[in-house]
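All remarks here apply to the structure that follows.
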Amino acid sequence: MSASVSPKPPARDPAFAARVFWLSLALVVLWPLGVATEFRPWVLWEPDNRKVTADFVRSFWPLVHTTEFLQMVLRETWRTVAMATAGVTLALVLAVPLSLLATRVLSLSALSGRMDRGPAVLRWCVRATLIVLRSIPELIWALVFVRVVGLGPTAGVLAIALTYGGMLGKVYAEILESGEAHATQTLMRNGSGRLQAFVYALLPSHAAELASYTVYRWECAIRSSVVLGFVGAGGLGQQLDNSMKMFNGGEVATLLLVFIALVALADRMSAWLRKVLA
Amino acid sequence: MTSFAREAANPPYKLPPPIFGARCRACWFTAALLVLVVASFVSLNLDWAAFASVEAARSMGRFVAEFFPPDVSPVFVNKVAWAAWETLAMSALGTAMAAVLGLALAVPASRLSTQDPAWLRSPTRWLLNALRAIPELVWAALLLISAGLGPMAGTLALALHTSGVLGRLFAEAMENVPTGPGDALRTQGVGPLRVFAYATLPQVLPQLMSYTLYRWENNIRAAAVLGVVGAGGLGQLLSFHMGLFHMNKTATILAAMLLMVACVDALSFAARRGLTR
């Protein structure tokens, strides 16, 4: 411990050996991953690939701005928003009853010690349903529904409704259980029904949080309804897919810009609403 | 309601409350919400008949019945296992690249000291927002043109989208760090690069790691479906067999996907519980 004696700090990095060791270990771990993903970035620089890419990127400008195309873009943008809104509405229809069923705070039998066997099993089943609904990605639901109801927004709305129903239901139940349960339990102990206890005690204390989570999910639904268009559920995504397949760079660039603007707008709107609701 | 004065000639409780006051923000908000919802349902003209009819129920039943029995021949299970490994590798490599790229972009995107002019801050933040606004799947579809079909396009797509997300989170973490250690070095005349390496980075590193791990968890889920546009992993296998109506094989792939997502969820839940206890 001669640090106090030494007149000047070490000129070399004291942790140099450790840094080199961790860096080389990381490279050794990343190597098999690169092999598995066929990661060969130099492929991007091969002459024919570079030419295709350059041609595609060059065709981004000028943006396509014929009236006809812009009208179509406007229509599809609205459809994207409408798909997200309708999907989240249906998800609420699914999520609200299920989350009420799943909430442990609203159990009458749990007021005095343990919950009864029947309600406990029911709550567990509802929770499992919500988790299964949530864990299947909306894109997979959409692929399945496109097969059943055909191409178009119905498949997208149903996909959003199921996945988001699961997400909202699970998070609603968690939010309702997170706070102080005293008021709710007092009401129920004094003979109020469970729905009354929910409306007059549980809901008022969590309303802001529930509403702001719903708005946040609506914002996410707008983003994912664009993605759903890629499997044929209509909206901006489907147009983007079509334009990309035809290598029409101008259309792709316009659609991407519109999409970025839409996401930014939804982001602002959701931030503002959440601030107002809080 | 609040507009009534307490000293009003009529006691306020005797007046009926206005149902829709011009100053009631909640009323306007509810009305706007209703209009939005109704307009959405009306303009989409959803095809309920095709879905809620007996005919549709029957076709749905037939569709589900075709899934059984799932194909569990060793050859195919091997193929699915390889695709699952590919998905996992895509997500890990994509996240690792995104962490490096995100850190590289977060430095110009943050104001590390009060003297820092940070004139690159807004343009870099715009770039990060653009990277973040375009979903992984759209990036993958775009990258297919230059990288070709296969997992590399998916990996790059994950890397680009995630670097937008991580870059923004990293920049905010670095701006919120206490400036004391950095200022101490700076007054000694140490250059900005070494201030960053020895003062800023060590302080934010744990937070950066936890953001990266969180995004990795998200990316495993994203990588599983990314292949639907042809960018490798389980998704590519799924869209291939679904397109050819190999329903038994599709069932196996779907089961593998669900198993993977469930494992990731369970692991992350256990890790979170272990860390917060």
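Throughout, read-outs are computed from the coordinates displayed, never taken from laboratory work. Not measured: the values here are computed from a predicted model. Virtual Cβ from ideal backbone geometry, glycine too; neighbours counted across all protein chains shown.
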May I have the extent of the alpha carbons of the protein assembly as shown along their three principal axes, as whole Å values ordered from largest to smallest? 83, 66, 58
In chain B, which Cys residues have no partner Cys with a Cβ closer than 4.7 Å? B:CYS263
Mind checking the stretch A:160-261 for GluC sites (Glu not before Pro) that DSSP puts in a loop (not H, G, I, E or B) and that have at most 12 other Cβ atoms within 10 Å? A:GLU180
Can you list which of the chymotrypsin sites (Phe, Trp or Tyr not before Pro) found in the stretch B:46-105 are DSSP loop residues with at most 10 other C-beta atoms within 10 Å? none
Out of every Cα pair in the stretch A:67-277, what percent are spaced more than 21 Å from each other? 59 percent
Compute the signed sum of charges (Lys and Arg +1, Asp and Glu -1) over the other residues within less than 9 Å, Cβ to Cβ, of A:GLN239. -3
Could you tell me how far the Cα centroid of the stretch B:122-166 sits from the Cα centroid of the stretch A:133-192, in Å? 29 Å
Note to self: Kirkwood Rh of the stretch A:1-111, Cα pairs, one decimal, Å, is 23.1 Å
Along chain A, longest interval not containing exposed trypsin sites (Lys or Arg not before Pro), exposed being DSSP loop plus at most 16 other Cβ atoms within 10 Å: A:115-278
Residue-by-residue Karplus 3J(HN,Hα) for the stretch B:33-45, coefficients 6.51, -1.76, 1.60, Hz, glycine and proline x: 4, 4, 4, 4, 5, 5, 4, 4, 5, 5, 6, 7, 5
Take the alpha carbon atoms of the stretch B:198-244, find their center, do the same for the stretch A:64-122, and report the distance between the two centers in whole angstrom. 25 Å
For the stretch A:157-278: Kirkwood Rh in Å [reciprocal of mean 1/r, alpha carbons]: 17.1 Å
Inter-label distance for B:CYS263 and B:SER73, nm, one decimal - labels placed 7 Å from Cα along Cα-to-Cβ: 2.4 nm
In Å, the C-alpha Rg and Dmax of the stretch B:93-178 are 14.1, 48
Would you kindly derive the ³J(HN,Hα) couplings of the stretch A:117-123 from the backbone phi angles with the Karplus curve 6.51 cos²θ - 1.76 cosθ + 1.60 (θ = phi - 60°), listing them in order in whole Hz, with x for Gly and Pro? 4, x, x, 5, 5, 4, 4
10 Å binning of all Cα-Cα separations within the stretch B:74-276, expressed as whole percents from 0 upward: 9, 30, 28, 19, 10, 4, 1
Evaluate 2.2 N^0.38 Å with N set to the residue count of the stretch B:134-225, then give the Cα radius of gyration divided by it. 1.43
Candidates B:GLY102, B:GLY180, B:GLY232; GNM for chain B (alpha-carbon contacts under 10 Å) flags as most fluctuating B:GLY180
